Protein chains: 2
Amino acid sequence: MHWARWGDPAEAKPLPEDARALVDAFVGTREVVTARPSEVRLTEPLDGSLVAELAGIVGADHVRTDRDTRLHRTRGKSTPDLLRLRAGDGTDSPDAVVRPGSHDEVVAVVDWAVRRHVAVVPFGGGTSVVGGLVARRDGFAGVVSLDLARLDRLVEVDEESMTAVLEAGLRGPHAEALLGAHGLTLGHFPQSFEFATIGGFAATRSSGQSSAGYGRFDAMVVGLTVATPQGTLDLGRAPATAAGPDLRQLVLGSEGAFGVVTSVRVRVRRLPELEVYDGWRFTSFPEACIAMRTLAQSGLLPTVLRLSDETETMVNLASPDDVGASSADGGCLMVVGHEGTRENVDARRSATGAVLARLGGTDLGQEPGRAWAAGRFHGPYLRDSLLDAGVLVETLETTTFWSNLAGLYVRVQEALADSLDGALVLCHVSHVYETGASLYFTVAAKEADDPVAQWLAAKAAASDAIVAGGGSITHHHAVGRDHLPWLTAEIGPVGVEILRAVKERLDPTGVLNPGVLVP
Amino acid sequence: MHWARWGDPAEAKPLPEDARALVDAFVGTREVVTARPSEVRLTEPLDGSLVAELAGIVGADHVRTDRDTRLHRTRGKSTPDLLRLRAGDGTDSPDAVVRPGSHDEVVAVVDWAVRRHVAVVPFGGGTSVVGGLVARRDGFAGVVSLDLARLDRLVEVDEESMTAVLEAGLRGPHAEALLGAHGLTLGHFPQSFEFATIGGFAATRSSGQSSAGYGRFDAMVVGLTVATPQGTLDLGRAPATAAGPDLRQLVLGSEGAFGVVTSVRVRVRRLPELEVYDGWRFTSFPEACIAMRTLAQSGLLPTVLRLSDETETMVNLASPDDVGASSADGGCLMVVGHEGTRENVDARRSATGAVLARLGGTDLGQEPGRAWAAGRFHGPYLRDSLLDAGVLVETLETTTFWSNLAGLYVRVQEALADSLDGALVLCHVSHVYETGASLYFTVAAKEADDPVAQWLAAKAAASDAIVAGGGSITHHHAVGRDHLPWLTAEIGPVGVEILRAVKERLDPTGVLNPGVLVP
């Protein structure tokens, strides 16, 4: 990944003409200056004697303190993260990067960190957008990024149980390629898919674009292996049990604060024979939400189900490669994707289509679905192009029960519009359950002189609106440091005490990703 | 419920002729004597000043110390529980029974218990079969049964989100009746359905006979309210979130050791228009298991899916009212039930039937399914009739991934047969997942002179076999006190430390259901 942008630098594109016209019309651009890598201020490298100790555990090749290695593991990929780096502020950099090669080496590094009181930040794809990679530094002898990239094996495939054990450092495409060789798929495709890792998916309760069909990542996990300062935690002897609380669900979403996930056993499925993504048009967002809810509550969920509101449809954000090139039919675009055997896809597609048509939908054929699928991982590249043009762009998300969805939608929109003068606020529903759904907002506004402060104020206003509106502070982005101020409202003071109790028992000296998750 | 038998005394039946013939042929009977209620030794009633304090919280009508009230809340309904009571041993009785009328009164009772160091055992239907109602008494000023029967309201129905808030003391049929008035159902029908409560389902991770279609109880819960010594814990702002670990899944299965569940928000469904239960015959248990697995892994799970092994099929245990009256066709009986709209049932039944026929199944029509449905809650009554005849009968269950199921099945059978000379060991699969399934064993043997010790030895042998065989110590019966010795093997020492940390933080003086769940 680029140090201060999303993704592969070779994939970066200038702002498309249509998008520039849109920005000129609605938001406005301004000149921005980006620091060179050599200009970025980093922390001091880790003390040499500590580096030597780490080298004794993982080998000298796998401990790095050079600027470039540390710069590439500095913060995550939220807009404030990028803006700070672009402004030359790398003061949250790790002091060293260590790359253990096995679970046992992770255990040994964690033990070492406890002994030396060094903070440890587990690092997978580096795609956090909630400050999940920014450790508190106070009182620690240093901050080490624990890069899991070398834990990249498919350890086991059990085609009878349809499970696979994947190591934590496997990136999405690599995991899919390894499973694909067995005719299998995990089916987890979040926007970060190309860079994010299995361990990161688990640690943050990631949810992918095919969650309607394949489920959230937390629903795919049947077992976990975790390195904690108290030793190894191995969970998952069965799909489900009544042997007390489900501790797997305590590790999922623990963001490296309780331990380092080193491998997971996941449920896998057969690779689909066929993938068909259709576009449907509805005249209004509420009407289309009813259609989605009807599908979810009738047991008719397709594999992919995504609905853009009127504004997002207007700017064509469902297809980031063609933003601004709207078909101008108005209304709301729904993408409805089916994957599976041909027979299964045909049957489900026909049943789903009948419901959507009955509830006011117009079948747009496969072109909008194809465009969405082609651009499904490109949104973050577009953000970089917009940031280059001086447009502040960021996303945030929430979730609630169906009866509260419309009210929450309005409330968050208003909070963002009030905070960011003249902002364009877009929204889509990307994850649907029987009892509720998610809301994913994209915001674009003209950059102020201090765009970080500008965004933090807007984010705070939106987060306050989410809490007041009864939503969850995050559907799939996790807590990190950015959502921490709102977590107590979400789980209450007793819930916070539970997190603290587990944190203090497993990590009594607090070296694991200090500052995230636990208020 | 009867004090020393299952269920409604009016429903008790003498041992059917066919069953008696079966017992005579395979197991043998013996004379047994049962104590009269007045002969049962109970603990001393709670100290009068403490009773007066409780009366100050809930009203004098709702604190009882009379023998009958306490006797009826002594232990649960495992075979050892019943045998001990039948032998006149009621030494695990509560010293008083308190019936708070609201969440706030539960909070007040818990606070009082902490101040007075009185152990509190939450009591729903009293149907635990794992010693979940047997508190450790050491060091406490008394043991109080906290009966939730007065928390019996349907608090809220949200037909848009398809959720309902149910209070913890609602028994299964009452909850279904209240929901049924809105055309809704929870769809949770464990064998204990007629007596067990919503709070108990949550506290023990119950799983019902329709789990293939409606899911486990832990999958139905979207929110929980819990009274803890640290105050009220309120969880569930959305169907699913990434706001840290899912703490709902830490409360589910916590067995009253972390707090008292006072209400849950559950996902509900429309009452089915149609319920069709078919019987299918397979020549062997392994062949039929492959068919079940194929359904689960093809997205074709029916609402009910249950498979008896050859021995259970032979004795006809799937229809407890007709045990021994086997159709004598041999092979294995599978019950395949579909519920929903007529159109939906027709489509799914046809798709399921095609798979079962292709994989060697013979369609037996609806008669075996009807017989199963008619007797689905009667198994425990049959146990009482058998205990009356001096036959030791008990059940135990486990779960694992598909690839381990056949091996675990053999291992547990062998352990039971080795421990109980001449025992009849029956088994069925009652809960099926994409990645695995449960195994539910029923054992019948001639009672020894000390049948409790006889069973505890067999249970220990089976539990050791389960652990060694890679299964979970319980699929849906919970931990209680009976499974506690095997929990460390299940979740490991780090997992145990997590439970202890939560227990000690929420209940530092340990008054909540002492002795259960936490090793």
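Observations on the structure shown:
- Helix-only mean residue ellipticity at 222 nm for chain B, each DSSP H run of n ≥ 4 adding -39500 (n - 2.57), per residue, nearest 500: -10500 deg cm²/dmol
- Alpha-carbon radius of gyration plus Dmax, which is the widest Cα pair, for the stretch B:194-250 in Å: 12.6, 37
- Inverse mean reciprocal Cα-Cα distance (Kirkwood Rh) of chain A, Å: 23.5
- Look at the Cα gyration tensor of the stretch A:361-452: its axes a ≥ b ≥ c give a/c of at least 1.5 with a/b at or below b/c, and that counts as oblate.
- Proximal charge balance of B:R5 [Cβ under 14 Å; K/R count +1, D/E count -1]: +1
- Ascending count of other beta-carbon atoms within 10 Å, so fewest first, for A:Y214, A:Y381: A:Y381, A:Y214
- Ranked list, fewest to most other Cβ atoms within 10 Å of each Cβ, for B:S161, A:S385, B:S102, A:S211: B:S102, A:S385, B:S161, A:S211
- Cα-based Rg / Dmax (Å) for the stretch A:1-56: 19.6, 59
- For the stretch A:473-519, the square roots of the Cα gyration tensor eigenvalues, ordered a ≥ b ≥ c, give a/c of at least 1.5 with a/b no greater than b/c, which places it in the oblate category.
- Between 0 and 90 degrees, the angle of helix A:342-358 with respect to the longest Cα principal axis of chain A falls at about 60 degrees.
- Across peptide B:214-222, the average count of Cβ atoms from other chains found within 10 Å of a residue's Cβ is 2.
- Taken over the Cα atoms of the protein assembly as shown, the convex hull encloses 154 Å³ per residue.
- Relative packing of peptides B:481-490, B:57-66 - highest average C-beta neighbours within 10 Å first: B:481-490, B:57-66
- Inter-centroid distance (Cα atoms) of the stretch A:156-195 relative to the stretch A:268-310, Å: 24
- Peptides B:151-159, B:118-126, A:228-236 ranked from most to least packed by the mean count of surrounding Cβ atoms within 10 Å: B:118-126, A:228-236, B:151-159.
- The alpha-carbon atoms of the stretch B:146-203, seen along their principal axes, cover 33, 22, 18 angstrom, with the largest extent given first.
- Candidate lysines for bridging to B:K503, where Cα separation is under 27 Å - those fewer than 8 sequence places away on the same chain excluded: A:K503, B:K77
- Among A:G236, B:G324, B:V98 the positive-end extreme of the charge dipole of the protein assembly as shown (Cβ point charges): B:V98
- Distant alpha-carbon pairs in the stretch A:1-157 (separation over 29 angstrom), percent: 27
- Peptide B:436-446, shielding by other chains (average Cβ, 10 Å cutoff): 2
- Compactness of the stretch A:274-374 is given as radius of gyration and Dmax, 12.7, 37 Å, from Cα positions.
- Each of A:T262, A:T341 was scored by other Cβ atoms within 10 Å of its Cβ. Listed from fewest to most, they are A:T341, A:T262.
- The stretch B:51-83 and the stretch A:47-75: distance between their alpha carbon centers, rounded to Å: 63
- Along principal axes, Cα extents of the stretch A:98-255, largest first, whole Å: 47, 36, 26
- Rounded to the nearest 10 degrees, the inclination of helix A:48-58 to the longest alpha-carbon principal axis of chain A is 70 degrees.
- Annotation: aspartates and glutamates with alpha-carbon distance below 18 angstrom to B:K459 (same-chain offsets under eight excluded): B:D81, B:E394, B:E397, B:E414, B:D418, B:D421, B:E447, B:D449, B:D450, B:D482, B:E490.
- Mean partner shielding of peptide A:495-505, defined as the number of other chain Cβ atoms within 10 Å of each residue Cβ, is 6.
- Diffusion coefficient, µm² s⁻¹, Stokes-Einstein with Kirkwood Rh over alpha-carbon pairs of the stretch B:180-279 at 25 °C and 0.890 mPa s: 169
- Computed from Cα atoms, the angle from the helix A:451-468 axis to the main principal axis of chain A rounds to 70 degrees.
Laboratory data are not the source of any read-out in this text; all were calculated from the coordinates shown. The structure displayed is predicted, hence computed values, not measured ones. Neighbour counts run over all protein chains shown; Cβ positions are idealised from the backbone, glycine included.
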